[in-house]
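A quick write-up on the structure given underneath.
Just so it is clear, none of the values below were taken in a lab; they were calculated from the coordinates. Here the structure is a predicted model, which means the values were calculated and not measured. So basically every Cβ, Gly included, is an ideal-geometry build from the backbone, and we count neighbours across all protein chains shown.
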Amino acid sequence: MWSPILKQIYLLNVIFLIVIFFSTCVGKNITSVIQNPQSRNIGKLSCPFPVKQGVVYGKGISQFDTTLVFYITKQLLLDLCEGHFSHLLDFVDMETGLFVDAKGYWSKEEVALDLKDPNGYFSLYYFDGKKLDLKKGNQGNLTIRDVFYQAGLVVIDVYIGSKEEVELKFRFDSNPKLERYLINPSFIKIGNNWYLHRMF
């Protein structure tokens, strides 16, 4: 049997080791992100992006549906912040696919192939600033990830087109000039599920 003093010393040592362990893990994660060449335009790193729901314009969908669209958007923004789109395919319908910009329509299969390509559209325009600079032939171009990092609080307004179609607008109240880098994402409802139909 241990004396009360020995028990306290043991517990303090265990707590100390746990604190050291988590400090080391967090330090390594932050260092790896800072050293990542894709984050060269980013100042203070913090995930997730600060997000809040703004104004809902129009009627025709339930509060539950609005909340679900908002949840999907927050998940995609978290992925963007962390440097991947591992959940994107979950929110793309097999038949309707995805508009990746104002002109380009891709099937779900094409989206999947591009996500695997280190030199693909998503890597270039959403994550890798150095490659984007090479593509455009000048320095300091912002990826979509850079835009959100610099935006501050992201306010998401919801525009209800019909009971099966919703468009979002990202508002950057502290830096509205950054909004020009984005197109408004849209969602469609098929059955009971909402899918991303146009990328931001």
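Observations, loosely collected:
- Extension gain, ILE183 to TYR71: 0.36 nm times the residue separation minus the Cα-Cα distance gives 38.4 nm.
- Cβ-defined net charge surrounding SER107, 12 Å radius [Lys, Arg +1; Asp, Glu -1]: -4
- Net +/- balance of residues flanking ASN193 in space, Cβ distance below 13 Å, scoring K and R +1, D and E -1: -4
- Around the amide H of VAL154, modelled in the peptide plane, lie the amide H atoms of VAL51, LYS52, all under 5 Å away and 5 or more residues distant in sequence or on another chain.
- Radius 12 Å from Cβ of ASP90, net charge of other residues (Lys, Arg +1; Asp, Glu -1): -1
- 3J(HN,Hα) from dihedral phi, the range 59-64, Karplus parametrisation 6.51/-1.76/1.60, rounded to Hz, x for glycine, proline: 9, x, 10, 7, 4, 4
- Gyration tensor (alpha-carbon) shape descriptor, the range 92-195, a/c threshold 1.5: oblate
- Measuring between alpha carbons in the structure, the pairs from LYS103/LYS136; LYS52/LYS131; LYS135/LYS169; LYS52/LYS169 lying more than 22 angstrom apart are LYS52/LYS131; LYS135/LYS169.
- Label-to-label distance, LYS163 versus LEU134, with points set 7 angstrom from Cα along the beta-carbon direction: 5.1 nm.
- Taking amide H positions as modeled 1.01 Å from N, with prolines and chain starts lacking one, the residues under 5 Å from TRP106 and 5 or more places away or on another chain are LEU98, PHE99, VAL100.
- Taking amide H atoms as placed 1.01 Å from N in the peptide plane, the amide H of GLU164 has no partner under 5 Å among residues 5 or more positions away or on other chains.
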